[in-house]
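Encoded as structure tokens, the structure appears first; notes follow it.
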Amino acid sequence: MNTKISAAVASAALVLGASSANAGIIVPAGEWTLDFNGNVNAYASIYDADDVSTNTVTGGLAGTQDARNESKSPSIGTGLLPSWLGVTGTTRQNDLDVSFTISIQPGASDNGFTGDGATGASQNSSVLARQAFLTFGDKSWGTVKLGKDLGVFGSDAILSDMTLLGVGSGGAISGSALNTTNGGIGTGYIYAAWKGQVAYTTPNMNGFQATVALTNPNQFGTQAQTTYQDMFGIEAKASYSFSNGKIWVGTAQYEVSHDSGAASDFDIDVYEVGANANFGNLGVTAYAYSGEGAGTTFLGNLGSNAGNERDSDGGYVQATYVLPTGTKIGAAYGISNLDLATAEAASALVEENKRWTVGAYHPLTKHLNLVAEYTALESESHDNASNDSTKVSVGAILFF
């Protein structure tokens, strides 16, 4: 499998004990070895919101009832990990390991309303394109990556999330243009996102490894303003892997400039720490982040008020256990907090998004996993508004 799919599968297998392929479909092609890989997943979900649509929490993730005060919304679609088709080519040339990866991510939902009143639902043609990168390097000195791939900051948090093989929160309406759900994004960690980058990763030195990346800086569409960055973003992490787990630390640093002038510019300065460990059939994960200007859910989202940075922090804890049947059960709690900026008055701005998820993940075959999850989500604002919603999901994910 390509690098990030392999990492996702390996992390999910480590945390969940769910079976998956170790590689895709391998095809020798002259000097190259091609790996065709990916997954197909789909889940039937029922979303239920407690509060009316006028109960506003700006930046809140818990949904509300629709305009007719209907609380339930069923959907069939993909989960946190989108359906995936990727190809990675690898070769050894001039004492260098060289590779490329390209992938696309189609959705599983067909509820794309045309709005013309005649045809109703139509095929949802939205397709993501999350990866297009090359790498070169050697195990003696490390690897260089150029192109679009998962960001560095927050990547281990999402790859350790047990809902990676499931749904978690989000995706209230079938046919979402994003083709994915939130999982635990915004309730314990900030989304790593898929970014253009130039990254260097050290060789593995007895379990220690580090990555530093210059990233595409135009990531911040906050406050309905166009952003112009005159510097690359910087993301970095360091990790240490041991026999039964891993610990890591990371950071992201950006300068965000708005077209409305310097009074709206702000900086992002955020840090993270996390750990995975396994003790027999028991697996545990703990993660935390804290920063200024980082906002909530997406990096930089709601991160400032008129150029004054808002502090934010959060984290999640997760425990899983493998039953004698091979089924892994798990429970996770996550919370993301967003503070008001200096001298900012209380408003409908979200103060916290928090989530409980319980799930069961059963390896039906070597490549196929059955999934059942329940997620409860709550959003609270600084002016004491609150929204609550739940989501029940049942489905399957198949890796190849």
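Some points to look at:
- Residue 165 vs. criteria modelled with pLDDT under 95, within 19 Å of the chain's Cα centre (by Cα) and either surrounded by fewer than 21 Cβ atoms within 10 Å (Cβ to Cβ) or hydrophobic (A, V, I, L, M, F, W, C) (or both): yes
- Within region 335-362, being among the aliphatic types (A, V, I, L, M) and on the phi < 0 side of the Ramachandran plot holds for 335, 338, 340, 341, 345, 346, 348, 349, 350, 358, 360.
- Considering 118, 177, 132, 172, the condition of being over 30 Å from residue 374 (Cα atoms) and at pLDDT below 90 is satisfied by 118 alone.
- Single unsatisfied condition, residue 388 versus (1) modelled with pLDDT of 95 or more; (2) over 21 Å from residue 284 (Cα atoms): (1)
- Of all residues making up region 364-394, the number that are farther than 30 Å from residue 341 by Cα and surrounded by fewer than 21 Cβ atoms within 10 Å (Cβ to Cβ): 11
- Restricting attention to region 33-50 and to residues that are modelled with pLDDT under 90 and surrounded by 20 or more Cβ atoms within 10 Å (Cβ to Cβ), the residue that is farthest from residue 167 (Cα to Cα) turns out to be 49.
- Counting residues in region 325-332 that are of a type outside the set (Asp, Glu) and over 19 Å from residue 284 (Cα atoms) gives one or more.
- Condition met for residue 69 (modelled with pLDDT of 85 or more, over 20 Å from residue 186 (Cβ atoms) and among the polar types (S, T, N, Q)): no
- When region 57-70 is filtered for residues that are out of contact with any Leu (no Cβ under 8 Å at 6 or more places or on another chain) and surrounded by fewer than 17 Cβ atoms within 10 Å (Cβ to Cβ), the ones remaining, listed by number, are 66, 67, 68, 69, 70.
- Selection status of residue 354, out of contact with any Phe, Trp or Tyr (no Cβ under 6 Å at 6 or more places or on another chain), at pLDDT 95 or above and basic (Lys, Arg): yes
- For region 291-307, the criterion of being in contact with a helix residue (DSSP H, G or I) (Cβ under 9 Å, 6 or more places away or on another chain) and closer than 29 Å to residue 241 by Cβ is met by at least one residue.
- Taken together, 371, 358, 350 contain a single residue that is under 13 Å from residue 397 (Cβ atoms) and either assigned to a strand (DSSP E or B) or not aliphatic (A, V, I, L, M) (or both), which is 371.
- Any hit, region 299-314, residues being surrounded by fewer than 18 Cβ atoms within 10 Å (Cβ to Cβ) and farther than 25 Å from residue 256 by Cα: no
- Subset tally (residues that are within 23 Å of residue 324 (Cα to Cα) and of a type outside the set (Lys, Arg)) for region 359-398: 20
- Candidate set: region 143-157, residues that are free of Cβ contacts under 8 Å to residues at least 60 places away in the same chain and of a type in the set (A, V, I, L, M); chosen: the one nearest to residue 202 (Cα to Cα): 144
- Considering region 217-245, the residues that are crowded, with 17+ Cβ neighbours inside 10 Å and in a loop (DSSP other than H, G, I, E, B) include one that is modelled with the highest pLDDT, namely 232.
The values are calculated or read from the model by the stated rules, or taken from the named source; none is laboratory data. Note that the structure is a prediction, hence the values are computed from the model and not measured. Heads up, the Cβs are rebuilt from the backbone with ideal geometry, glycines too, and the neighbour counts pull from every protein chain shown.
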